[in-house]
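Here's the structure, in structure tokens; my notes come after.
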Amino acid sequence: MKDCEIANILYNLSTDLDADDYADIYDIEVQEIEKSIYKLKESHDILYPVLVSIAETHKDMFDFCKDQN
């Protein structure tokens, strides 16, 4: 799974039903999360596989915010 996909899913999980409130900052937030995920991956942080697992478990959330608009 790509870092951008993980970031998208994690962001969508964090907004849940309030997706409309965050639509204007969606791209910026997902990019910031993606940068953080990349840093975790590059530093071999134990948190990285945990985030991957969470994202893989919630693949259905990939386009959640986009579908809400």
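Under a 5 Å amide H cut-off, with hydrogens placed 1.01 Å from N, Phe62 pairs with nothing among residues at least 5 apart or on other chains.
Charge tally for Lys2 (other residues, Cβ to Cβ under 15 Å; Lys, Arg +1; Asp, Glu -1): -3.
Placing a pseudo-label 7 Å from each Cα along the Cα-to-Cβ vector at Ser36 and Lys59 gives an inter-label distance of 2.5 nm. Among the protein heavy atoms, those of Ile46 account for about 140 Å² of accessible surface (1.4 Å probe, every chain in place).
The values are calculated or read from the model by the stated rules, or taken from the named source; none is laboratory data. Not measured: the values here are computed from a predicted model. FYI the Cβ positions are ideal-geometry reconstructions off the backbone, even for glycines, and counts take in every protein chain you see. Surface accessibility is based on the protein's heavy atoms, side chains included, excluding ligands, DNA and RNA. Shrake-Rupley method; radii C 1.70, N 1.55, O 1.52, S 1.80 Å.
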